Each structure stands twice: as C-alpha cells, then as structure tokens.
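The values are calculated or read from the model by the stated rules, or taken from the named source; none is laboratory data. Note that the structure is a prediction, hence the values are computed from the model and not measured. Backbone-built Cβ (ideal geometry, glycine too); neighbour counts: all protein chains shown.
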Amino acid sequence: MYILKNKFMYVLAFMFLLTIFVNITADEVEDFIEKGRKAYLQEDYKQAHQMLQKAVAAISENISAAFTPFLPAAPSGWQKGEVETNTTSMPTAEGDVRVTEAGCEYKKSESDEEVEIYFTNSPQIVQPYQQMAARSDMMKGIMKQRGLEVKEKKGWFIVIEKRGEADHELTAVQQAVAIKIQRASNQETAQLFFDAIDLNGLLQAAKQ
C-alpha cells in the first residue's frame with residue numbers, strides 16, 4: 001500500500017506540473033486532482049480513477065487548444081465552421097510522443113465548395129515530408145513526374161497534389177508541425193488559405 005500511495009502522489013505531482021506547463025485553468029484541474037486524492041485515501045479507487053481521468057482530459061483539451069488560434073479567419077465569401085481538437089499519445093522508438101491536432105472546415109457562401117484545414121505534429125505525417133525536404137533537389141523531379149508540385153516558402157516545404165478535377169491538397173511541413181489543406185477546388189484556393197495562416201505563431205505553438 002505504501003508503494004501504491006507513493007506512485008499515486010507521483011502522478012499527482014506530475015499532473016500538477018502539467019497544469020503549470022500548459023497554462024490551463026488551475027481551479028478545474030486541481031479540483032479533479034483533489035477529489036481523486038481524497039477518493040484514493042478512502043480506498044474508493046473507481047472514483048479516484050474517474051477524477052484523474054477527468055484531469056487528464058482537461059489537460060489534453062488545453063494542449064490541443066494551443067493550435068486553434070492559428071486556424072485562420074474565413075476569407076471573404078467563406079464561412080468558418082466549428083474547430084475540432086484532439087490530443088493523443090503515440091508510441092515511437094524514442095518513447096511516447098504527444099500528438100496534437102486541430103482542424104476546421106470552411107464553406108463557401110452560396111456554394112457547396114468546402115475546404116478543410118488541420119494542423120498536426122504527428123510523426124506519421126511530419127517525418128515522411130521531412131525526409132522529402134532533406135532530398136528536395138532530387139525529389140522535385142520525381143514528384144513532378146507524379147503530378148505533384150513542390151516548393152518552399154519561409155522555410156516551409158510545400159507539396160501540392162491534384163487529387164481530382166476540383167480536389168487539391170496542400171501539405172506544408174517545417175520542423176515538427178504539418179499543415180494540411182484539403183478539398184480545395186484549385187491550387188489558388190489552397191494557397192489563399194495557406195497565406196492566411198500565422199506561420200510563425202504556429203511554429204512557436206508546436207514547440208510547447
């Protein structure tokens with residue numbers, strides 16, 4: 001029991017540090033942690049687990065929200081939809097990695113045209129493009145043969161793919177974050193949304 005309680009207190013201490021790190025509303029998380037601690041000391045393990053799960057969920061939501069301010073406002077003639085966020089843990093060879101995603105759909109007024117933008121730091125998406133960027137001189141010719149346009153802007157490695165007659169996808173990667181702009185009717189629309197993103201702000205958020 002002594003070992004279990006020490007482990008539990010370690011978890012509490014770790015979660016407390018996380019609340020400071022992500023600048024979350026401390027009252028909510030601390031309330032969950034305190035209720036969990038009391039339940040654990042009363043040997044109500046189910047309640048303790050539920051409270052700690054709520055604390056973790058609140059922290060994860062705040063981490064995900066770090067990307068949301070950089071989803072751009074809707075351009076003229078477009079409407080911005082509801083922002084969706086998600087934070088998960090992904091196992092890698094170097095250990096677990098926190099994967100954060102935030103996305104939003106944009107609809108063109110008086111039209112059925114839609115564009116989706118999302119940001120992610122998922123290694124499964126970021127790393128292949130990082131490898132392509134490292135070999136960009138060699139890859140440009142190969143990718144052009146496959147109908148892909150490759151370019152760079154302000155340090156971002158950008159790939160534009162025509163997936164259908166009115167379906168273009170723009171992927172941009174720098175450091176540990178990727179931008180995906182999907183279902184754009186043409187390359188100009190994809191570029192319009194990309195240019196509206198605060199790229200420097202997004203990079204800083206990805207480093208947190």
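Quick check, is Thr88 surrounded by 17 or more Cβ atoms within 10 Å (Cβ to Cβ), polar (S, T, N, Q) and part of a strand (DSSP E or B)? Outline the logic, then answer.
Working: surrounded by 17 or more Cβ atoms within 10 Å (Cβ to Cβ): no; polar (S, T, N, Q): yes; part of a strand (DSSP E or B): yes.
No.
Among the numbered criteria (1) at pLDDT 95 or above; (2) touching a His at 6+ places or on another chain (Cβ under 7 Å), which one does Lys162 miss?
With (1) at pLDDT 95 or above; (2) touching a His at 6+ places or on another chain (Cβ under 7 Å) applied to Lys162, the lone miss is (1).
How many residues are without any contact (Cβ under 8 Å) to a residue 12 or more places away in the chain and on the phi > 0 side of the Ramachandran plot when one looks only at the range 73-131?
2
Return the residues of the range 59-85 that are assigned to a strand (DSSP E or B) and either at pLDDT 90 or above or surrounded by fewer than 15 Cβ atoms within 10 Å (Cβ to Cβ) (or both); say none if nothing qualifies. Please lay out each step first, then the result.
Residues of the range 59-85 that are assigned to a strand (DSSP E or B), as a first pass: 78-80, 84-85.
Result: Trp78, Gln79, Lys80, Glu84.
Which residue out of Ile142, Ile160 is farther than 14 Å from Ala176 by Cα and touching a helix residue (DSSP H, G or I) at 6+ places or on another chain (Cβ under 7 Å)? Spell out the reasoning first.
On the way: Ile142 fails: touching a helix residue (DSSP H, G or I) at 6+ places or on another chain (Cβ under 7 Å).
So the residue among Ile142, Ile160 that is farther than 14 Å from Ala176 by Cα and touching a helix residue (DSSP H, G or I) at 6+ places or on another chain (Cβ under 7 Å) is Ile160.
Filter the range 93-103 for residues that are exposed (fewer than 11 other Cβ atoms within 10 Å of the Cβ) and either among the acidic types (Asp, Glu) or in a strand (DSSP E or B) (or both) and give the result. Walk me through how you get there before you give the answer.
Taking the range 93-103 first, the residues exposed (fewer than 11 other Cβ atoms within 10 Å of the Cβ) are 93-96.
Answer for the range 93-103, where residues must be exposed (fewer than 11 other Cβ atoms within 10 Å of the Cβ) and either among the acidic types (Asp, Glu) or in a strand (DSSP E or B) (or both): Glu94, Gly95, Asp96.
Give the residue that is surrounded by the most Cβ atoms within 10 Å (Cβ to Cβ), with candidates limited to residues of the range 179-199 that are assigned to a helix (DSSP H, G or I) and in contact with an Asp or Glu (Cβ under 9 Å, 6 or more places away or on another chain).
Ala190
Could you tell me which residue of the range 91-114 is modelled with the highest pLDDT, considering only residues that are in contact with a helix residue (DSSP H, G or I) (Cβ under 7 Å, 6 or more places away or on another chain) and of a type in the set (S, T, N, Q)?
So the residue we want is Thr100.
Can you tell me which residue within the range 166-178, out of those that are of a type in the set (A, V, I, L, M) and surrounded by fewer than 21 Cβ atoms within 10 Å (Cβ to Cβ), is farthest from Thr68 (Cα to Cα)?
Start the filter on the range 166-178 by keeping residues that are of a type in the set (A, V, I, L, M), which leaves 166, 170, 172-173, 176-178.
Subset that is surrounded by fewer than 21 Cβ atoms within 10 Å (Cβ to Cβ): 166, 176.
On the way: Ala166: 27, Ala176: 17 Å.
If we take residues in the range 166-178 being of a type in the set (A, V, I, L, M) and surrounded by fewer than 21 Cβ atoms within 10 Å (Cβ to Cβ), then Ala166 is farthest from Thr68 (Cα to Cα).
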